[in-house]
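Here the structure is laid out as structure tokens; the discussion comes afterwards.
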Amino acid sequence: MKFTAAALVLAGAVSSVESAVLGERATYAVKGAAEGFAKGVTGGGSAACAVPSSTTQLKTWLSDSTARCIVLDKEFNFKGTEGTVTENGCRPASNKCPGNGGQDAINQASWCTNGNAGTGSTTIKVTYDKAGISGLIVGSNKSIIGVGSKGVLRGKGLRIANGAKNVIIQNIHITELNPQYIWGGDAIAVDGSDSVWIDHNKFSLIGRQMVVLGNGASNRVTISNNEFDGVTSWSATCDGHHYWTIYLTGSNDLVTLKGNYIHHTSGRSPKTGGNSLIHAVNNYWYANSGHAFDNGAGSKVIAEGNVFQNVVTPLLENKGNFFGAPTTTANAACSANLKHTCQINAFGSSGTLGGTDTSFFGSFAGKNVASAAAANAGTIQNGAGIGKI
Ligand SMILES: *[C@@H]1O[C@H](CO)[C@@H](O)[C@H](O)[C@H]1NC(C)=O
């Protein structure tokens, strides 16, 4: 897990400020350990940490079948590495502000022509960066870690799929995946996996989902202490807020969502469904102009100890099971299976969450369940994102 930079040798000869920086750079390792469902994930394990020399080497290291600790100590820019594409896409019905802050669409999986783009959508030419629309393939047994706040993946996300498991992604910023287009790219896509820990990352200017757990079974996943920054100049809701944020619809998924700061979004934060058991604890939703949760059929959610500040609709629709930790009396029902009394959610200038269903609590029995603290916006905001660990 340790990587000693040659620069450390020089540390004694430079100023104290610089030597502190060099000292920090000298030893790289995953920090802390996953809480909740992905507890026990080891990623690259004891593999020596190393910095890839180029985007090409990064791509190779991520996808090969060697256990690795991959260090991002600078920006890796994939924009332009696969060229650009110009083709027919569409201006969907949702873009009521064309040329003025709206989001047009790439015709991914015939989305523009199969009715999803809505009545009144029109065909337009779209030009996008090809690297953005598919993620870098990540194999099993990988740790991907950033240094300070310098680890940036620009123009391409990560894809953990087809049975890849035991992956840690910590302290990196994924940004600029064709943000002007719906289907412009996903920052982190997981589809058919196990033991994935997504921790202390930042996501911004993403065309499609910031985190998507697709339709395959992704089993145990912990998404913790990330900043989901929805500020955008291309909003599907024409209001500077990103709509497509977190999508959890795996066929057999256990998802811990803890300590995340999810701000300036307008929907799907998260959209849930499939067969997902979701523990959303101590997250902070801020300035959401639409909805946070949209709970589809088949998903079971406990939301506790969260803060909703300026969130118009905390829960859009509930077709599954949803417990919103409504009262201290009701919250005692958590103890038997979660091993703690649930924490009440906090609301400021927001709609209501509701959710009194306790019928599914047995699904948490025997699982690794994250702890819960009293809802506290400041603590969550200060601890989420890159450069914090
Ligand atoms: C990942 O690590 C485990 C445990 O060491 C090992 O059994 C498995 O084969 C590794 N997977 C790959 C793809 O190398």
**OP:** With springs connecting C-alpha atoms under 10 Å apart, model the chain as a Gaussian network and identify which of T352, T328, T265 has the largest mean-square fluctuation.
**Re:** T328
**OP:** For D104, enumerate residues with amide H under 5 Å from its amide H, sequence gap 5+ or separate chain, H modeled in the peptide plane.
**Re:** I182
**OP:** Tell me the label-point distance for the pair T66, T119, using the 7 Å Cα-to-Cβ offset, in nm and rounded to one decimal.
**Re:** 5.8 nm
Subject >> Under-5 Å amide H pairs with L248, H placed in peptide plane, nonlocal only >> reply: L213, K271, T272, G273
**OP:** List the pair-distance distribution P(r) of region 156-259, using every Cα-Cα distance, as the percent of pairs falling in each 5 Å bin from 0 up to the bin containing the longest distance, rounded to whole percents.
**Re:** 3, 14, 25, 24, 19, 11, 4, 1
Original post:
Using a Gaussian network model of the chain with C-alpha springs under 10 Å, which one of P270, P98, P314 is most mobile by mean-square fluctuation?
Top reply: P98
Subject >> Residue-count net charge about V212 - beta-carbon cut-off 13 Å; Lys, Arg +1, Asp, Glu -1 >> reply: +1
**OP:** Assuming R0 = 41 Å, can you tell me the calculated FRET efficiency for the pair V312 and T27, based on Cβ-Cβ distance, to the nearest 0.05?
**Re:** 0.35
Subject >> Centre separation in Å (Cα based) which lies between region 341-376 and region 209-227 >> reply: 19 Å
Original post:
Hey, what's the chain come to in accessible area per residue, 1.4 Å probe, Å²?
Top reply: 38 Å²
**OP:** May I ask you to rank S195, S63 by accessible area, largest first, using a 1.4 Å probe over the protein chains only?
**Re:** S63, S195
Subject >> Model label zone, E75; criterion: amide N under 19 Å from point 7 Å along Cα-to-beta-carbon; scope region 220-237 >> reply: 229-234
Original post:
Percent antiparallel among DSSP beta bridges with both residues in the chain, to the nearest 5?
Top reply: 10 percent
**OP:** Could you check how much of the accessible area of region 90-196 is carbon and sulfur, as a whole percent, using a 1.4 Å probe?
**Re:** 44 percent
**OP:** With only alpha-carbon atoms counted, please give the Rg and Dmax of region 238-285, in Å.
**Re:** 11.5, 35
**OP:** Show the residues, 5+ positions off or on another chain, whose built amide H is closer than 5 Å to the amide H of A325.
**Re:** A303
Subject >> Residue-averaged [θ]222 nm for the chain, counting only DSSP H segments that reach four residues, each worth -39500 (n - 2.57) >> reply: -2500 deg cm²/dmol
Original post:
To the nearest 10 square angstrom, how much accessible area does Y286 have with a 1.4 angstrom probe?
Top reply: 80 Å²
Original post:
Between T329 and N252, what FRET efficiency follows from the Cβ-Cβ distance if R0 is 30 Å, with the result rounded to 0.05?
Top reply: 0.35
Subject >> Computed FRET value (nearest 0.05) for T56 with A109, which takes r as the C-beta separation and R₀ as 25 Å >> reply: 0.30
Subject >> 13 Å beta-carbon shell around D199, net charge (K/R +1, D/E -1) >> reply: +3
**OP:** Stick to the Cα atoms of region 249-378, pair each with every other, and give me the Kirkwood hydrodynamic radius in Å at one decimal.
**Re:** 14.2 Å
**OP:** Give the value in nm², to one decimal: projected area of the alpha carbon convex hull of the chain, averaged over all directions.
**Re:** 19.1 nm²
Original post:
Around S299, what is the net charge, scoring Lys/Arg as +1 and Asp/Glu as -1 over all other residues with Cβ under 11 Å from its Cβ?
Top reply: +1
**OP:** Express as a percent, rounded to the nearest 5, the fraction of DSSP beta bridges in region 264-307 (both residues included) that run antiparallel.
**Re:** 0 percent
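The values are calculated or read from the model by the stated rules, or taken from the named source; none is laboratory data. What you are looking at is a predicted structure, and each value in this text was computed from that prediction instead of being measured. So basically every Cβ, Gly included, is an ideal-geometry build from the backbone, and we count neighbours across all protein chains shown. Side chains are part of the model used for accessible areas, which takes the heavy atoms of the whole protein and leaves out ligands, DNA and RNA. Shrake-Rupley method; radii C 1.70, N 1.55, O 1.52, S 1.80 Å.
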